[in-house]
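The values are calculated or read from the model by the stated rules, or taken from the named source; none is laboratory data. Everything quoted here is computed from the prediction, not taken from an experiment. So basically every Cβ, Gly included, is an ideal-geometry build from the backbone, and we count neighbours across all protein chains shown. Calculation scope for accessible area: heavy atoms of the full protein, side chains included, ligands and nucleic acids excluded. Shrake-Rupley method; radii C 1.70, N 1.55, O 1.52, S 1.80 Å.
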Amino acid sequence: QSAKCGACGPGYATPLDAMKGKCCPREEIVYLPCIYRNTGIEKPDYLATVDVDPKSPHYCQVIHRLPMPNLKDELHHSGWNACSSCFGDATKRRNRLILPSLISSRIYVVDVGTDQRAPRIHKVVEPVELFWKGNVANPHTSHCLGSGDILISCLGDPSGNGKGGFVLLDGETFEVKGNWENGGKVPPLGYDFWYQPRHNVLMSTEWGTPKVLADGFNPADVERGHYGRRINVWDWSTHAYIQAIDLGQGSIPLEIRFLHNPAAAEGFVGCALSGAVHRFYKTEKGDWAAEKVIEVPRKKVRGWLLPDMPGLITDILISLDDRFLYFSNWLHGDIRQYDISDTRKPKLVGQVFLGGCITKGGPVTVVEDKELQSQPEPFVIKGKRVPGGPQMIQLSLDGKRLYVTSSLYSGWDKQFYPDLVKEGSVMLQIDVDTERGGLEVNKNFLVDFGKEPDGPVLAHEIRYPGGDCTSDIWM
């Protein structure tokens, strides 16, 4: 527990303290939700604890599994009960992992404080609590607040329609307190969010209508307005929905990240379908705007769902010193690193291919490509040809190791990468050059979730017990 740095609360005083501080040893274990929904295996999802300490005899092994008490939850993203936003409160500890279930709408509160290496269930918040007290469902992103409470964004209402609302959990009892938002106005869709108290703002994004995306992706649903296109802007102090920034039809803005420096009034959002990264920023007038700063060109292909294949930017993150931006192209199969010293002109400084839909010898032929001379080779590590493409990413606090998993969401995994559902996902690790930029796969690191005791499983988002680059917010 990082609170050993003094009589402080959880986390670190500043992002640079987290990155360079003496009290943040290298990560030794990580937690990942593992999903059985849509794999044909009738077992509950579970939380895996993986040993990532190169000095350990159990390096790259799952050392503990905590099964959930229900089937088909679709565990997805997770968050903490307390983070650096509570740094000033010595009574708080980062000892509970919040695990919302995207499909069942349950929220599991997991005790990781009693035994870090063997988490146990502390409490289950049943879906009916979200339905009755908040008229919301399909919880997605969880962030702790400086107040000690936990804020969770949702994708829809209890009937499966889109609705970009939020619920608040009490940080001590984990009871649902009700909605966070005030006033009648809510965005039509929800997904991820980030808040920045110094600028009195919360930004949320939009994926799609839950009942439409639940079992797969139909391009026609984009035209029908079932997929997101806006960054939604909220007043942090009044909780009112005040502005929508339209990024265009079919953009699907997913993960959103402010710069870590709490004084910065800007950040980035990755758009899945348009393959664009937009920089959002506060204008001189005091409202918010966005500009496209990166675009991944589509590839013209044969033998695939559509004649144009987007990169499908699914996850993005920013290093704690705000120097590098990373994102994954789940369909094209690459991870990219950009130098964002000039936030308006990101420079590509690192790229590595880890599978994807366009590898040589597969069913897809690329007929026109604005970036590559030839189709990439299939990705093989330790003799295993890796199915799927790079998806969730998590960076070590010091910025030197990037961890990657390959599952997006079981309903879409099954559609786009049938082999991934049959063989299970993987976790990989990439070494990062933090001086000049550059990415290189660590050939000694592979966690193969195809070899799990109950059969191949889909491992998703990665969390470190001491906090990480995508969950800590500084006040």
Could we say that residue 301 is over 18 Å from residue 409 (Cβ atoms), part of a strand (DSSP E or B), in contact with a Leu (Cβ under 6 Å, 6 or more places away or on another chain) and not hydroxyl-bearing (Ser, Thr, Tyr) here?
no
In segment 326-344, is there at least one residue being open to solvent by less than 70 Å² (accessible area, probe 1.4 Å) and among the basic types (Lys, Arg)?
yes
Subset of segment 458-475 [within 18 Å of the chain's Cα centre (by Cα) and of a type in the set (A, V, I, L, M)]
458, 459, 462, 473
Read through the list (1) buried (at least 21 other Cβ atoms within 10 Å of the Cβ); (2) free of Cβ contacts under 8 Å to residues at least 40 places away in the same chain; (3) at positive phi, then give the number of the only condition that residue 310 fails.
(3)
From 273, 348, grab the single residue that is in a strand (DSSP E or B) and without any contact (Cβ under 8 Å) to a residue 60 or more places away in the chain.
348
Go through segment 45-59 and report how many residues are within 21 Å of the chain's Cα centre (by Cα) and in a loop (DSSP other than H, G, I, E, B).
2
For the condition at pLDDT below 95 and either under 25 Å from residue 271 (Cα atoms) or not acidic (Asp, Glu) (or both), what is the one hit in 399, 424?
399
Taking segment 146-160 and the residues there that are in contact with a strand residue (DSSP E or B) (Cβ under 6 Å, 6 or more places away or on another chain) and small (Gly, Ala, Ser), the one that is surrounded by the most Cβ atoms within 10 Å (Cβ to Cβ) would be 156
In segment 60-76, which residues are in a loop (DSSP other than H, G, I, E, B), open to solvent by less than 10 Å² (accessible area, probe 1.4 Å) and touching a residue at least 40 places away in the same chain (Cβ under 8 Å)?
68, 74, 76
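Residue-by-condition table, conditions (1) under 30 Å from residue 28 (Cα atoms); (2) without any contact (Cβ under 8 Å) to a residue 60 or more places away in the chain; (3) not aromatic (Phe, Trp, Tyr):
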{"position": "344", "(1), (2), (3)": "no, no, yes"}
{"position": "368", "(1), (2), (3)": "no, no, yes"}
{"position": "383", "(1), (2), (3)": "yes, yes, yes"}
{"position": "392", "(1), (2), (3)": "yes, no, yes"}
{"position": "399", "(1), (2), (3)": "yes, no, yes"}
{"position": "412", "(1), (2), (3)": "no, no, no"}
Could you tell me which residue of segment 211-270 is surrounded by the most Cβ atoms within 10 Å (Cβ to Cβ), considering only residues that are closer than 19 Å to residue 154 by Cα and of a type in the set (D, E, K, R)?
255
Among 432, 457, 447, the single one that is surrounded by 21 or more Cβ atoms within 10 Å (Cβ to Cβ), in contact with a helix residue (DSSP H, G or I) (Cβ under 8 Å, 6 or more places away or on another chain) and β-branched (Val, Ile, Thr) is 457
Search result, residues across segment 161-190 that are open to solvent by 10 Å² or more (accessible area, probe 1.4 Å), in contact with a Pro (Cβ under 9 Å, 6 or more places away or on another chain) and assigned to a loop (DSSP other than H, G, I, E, B):
161, 163
Of all residues being among the hydrophobic types (A, V, I, L, M, F, W, C), out of contact with any helix residue (DSSP H, G or I) (no Cβ under 8 Å at 6 or more places or on another chain) and over 19 Å from residue 46 (Cβ atoms) in segment 96-145, which is surrounded by the most Cβ atoms within 10 Å (Cβ to Cβ)? Just the residue, please.
130
Quick check on segment 276-286. Is at least one of its residues farther than 18 Å from residue 406 by Cα, in contact (Cβ under 8 Å) with a residue 24 or more places away in the chain and touching a helix residue (DSSP H, G or I) at 6+ places or on another chain (Cβ under 8 Å)?
yes
Considering only segment 127-140, I want to know if a residue exists there that is in a loop (DSSP other than H, G, I, E, B), of a type outside the set (Val, Ile, Thr), at pLDDT 95 or above and more than 13 Å from residue 107 (Cα to Cα).
yes
Residue check, residue 237 against (1) closer than 30 Å to residue 146 by Cβ; (2) touching a residue at least 40 places away in the same chain (Cβ under 8 Å), all met but one. Which one?
(2)
Do we find that residue 275 is at positive phi and open to solvent by less than 20 Å² (accessible area, probe 1.4 Å) in this structure?
yes
Within segment 277-297, is even one residue acidic (Asp, Glu) and in a loop (DSSP other than H, G, I, E, B)?
yes
